[in-house]
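The values are calculated or read from the model by the stated rules, or taken from the named source; none is laboratory data. This structure is a prediction, so every number in the text was calculated from the model and none was measured. Don't worry about glycine lacking a Cβ; one is built from the backbone with ideal geometry, like all the others, and counts go over all protein chains shown. The area values use the complete protein model at the heavy-atom level, side chains included, leaving out ligands, DNA and RNA. Shrake-Rupley method; radii C 1.70, N 1.55, O 1.52, S 1.80 Å.
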Amino acid sequence: MSVDTATVAAQTREAAPRKRRRSKGSGDWFAVIATFVVVVGGWEAVVRIADISAIVLPPPSLIAVKLYDGIVYGTFLPNLGYTLTETVLGFAIAAVLGITLGALVAEIRWVRRAIYPYIVAFQTVPKIALAPLLVIWFGFGMTSKVIVAVTVAFFPVIVNTIEGLQNTDHQRIDMIRAMGAGRFETFRRVKLPSALPYIFAGLDAAIVLSLLGAVVGEFMGSRAGLGNQILIFNSVLDIAGSFAVLILLSVIGFLLHLILVMVQKRVVFWTQVHAVSSGA
């Protein structure tokens, strides 16, 4: 009887944190939806009551119509595919370069002394000012937009990679070296796993910055893409259409962030276990 009582008590303790997380998640979603309704409803009411021109500030209802028409009947989806391709390519290149160079800078002293100051100096250059030059050098096609995305997204990845590798617990390093592990084995088994949360933090920032870089590159000169679509709408004073594209870009950026978070939960799974145990 006492064993059954202890089992029930243990199950109750395990179920309590799950119930709290579910209730907290429901409350968060309610707050998000309520905020959306208040903001959009207030926006619509102000525009209607004040009779503001759609050229100055279009109502959300008109923006929704433009968004629906652009997706179903218009050119939003082909342009979205173009911009998304630039974003993914720029992010992938920035991730590979950032992680590779970050590991070299963190692990090899002469590389750190020779390269890292130039990386920091390059980061201070305004990328918007650099974008027109890249368009001139590489043309109006996709290549120049991918390069802009890489230049914008590269720095967060390399900085977080270096930070993560340099903040590895020295006791763990000493332990595995005492067991006879070499430099590469120490890097692979201890330093890289410890740095993964930092690396994914950099990748999370980079995926959104890649989208921003691709759109900025399209502003400078492009034949397609959502940035080009915004320029077309602005040229004919279709402000509602521009807002619709901006909303579409926001949704895509948020979805890319969610995908990366899902990947992080599968790759860096031990941080989730630690978070659950700490919450319990």
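If you go through the stretch 40-52 and keep only what is open to solvent by 60 Å² or more (accessible area, probe 1.4 Å) and either within 21 Å of Asn228 (Cα to Cα) or of a type outside the set (Asp, Glu) (or both), you end up with Trp43, Val46, Arg48, Ile49, Ala50. Where residues in the stretch 76-112 are of a type in the set (Val, Ile, Thr) and open to solvent by 70 Å² or more (accessible area, probe 1.4 Å), which of them is nearest to the chain's Cα centre (by Cα)? Across the stretch 76-112, the extreme among qualifying residues is Val88.
For (1) closer than 26 Å to Ile259 by Cα; (2) open to solvent by 70 Å² or more (accessible area, probe 1.4 Å), each residue gets a yes or a no:
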residue	(1), (2)
Asn167	no, yes
Gly182	no, no
Ala195	yes, no
Ala205	yes, no
Gly221	no, no
Ala244	yes, no
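The C-beta contact set for the stretch 177-202 (first residue closer than 12 Å to Ile99 by Cβ, second residue assigned to a loop (DSSP other than H, G, I, E, B) and hydroxyl-bearing (Ser, Thr, Tyr), distance under 7 angstrom, 6+ apart or interchain) comprises Ala195/Thr168. Of the residues Val88, Val146, only one is closer than 14 Å to Gly227 by Cα, at pLDDT 85 or above and among the hydrophobic types (A, V, I, L, M, F, W, C); which? Being closer than 14 Å to Gly227 by Cα, at pLDDT 85 or above and among the hydrophobic types (A, V, I, L, M, F, W, C) holds for just one of Val88, Val146, which is Val146. Quick one: in the stretch 151-161, of everything that is open to solvent by 10 Å² or more (accessible area, probe 1.4 Å) and under 30 Å from Glu185 (Cα atoms), which residue is nearest to the chain's Cα centre (by Cα)? Checked the stretch 151-161; the qualifying residue nearest to the chain's Cα centre (by Cα) is Pro156. Within the stretch 267-280, the set of residues being at pLDDT 50 or above and not in a helix (DSSP H, G or I) comprises just one member, Val268. Restricting the search to the stretch 123-146, which residues are more than 17 Å from Glu163 (Cβ to Cβ), surrounded by fewer than 16 Cβ atoms within 10 Å (Cβ to Cβ) and in contact (Cβ under 8 Å) with a residue 24 or more places away in the chain? Matches in the stretch 123-146: Ile128, Pro132, Gly141. Lys66 - would you say it is farther than 20 Å from Glu163 by Cβ, open to solvent by less than 60 Å² (accessible area, probe 1.4 Å) and among the basic types (Lys, Arg)? For Lys66, the condition - farther than 20 Å from Glu163 by Cβ, open to solvent by less than 60 Å² (accessible area, probe 1.4 Å) and among the basic types (Lys, Arg) - is not met.
Once the stretch 184-240 is narrowed to residues that are under 20 Å from Val105 (Cβ atoms) and among the hydroxyl-bearing types (Ser, Thr, Tyr), the residue that is farthest from the chain's Cα centre (by Cα) is Thr186.
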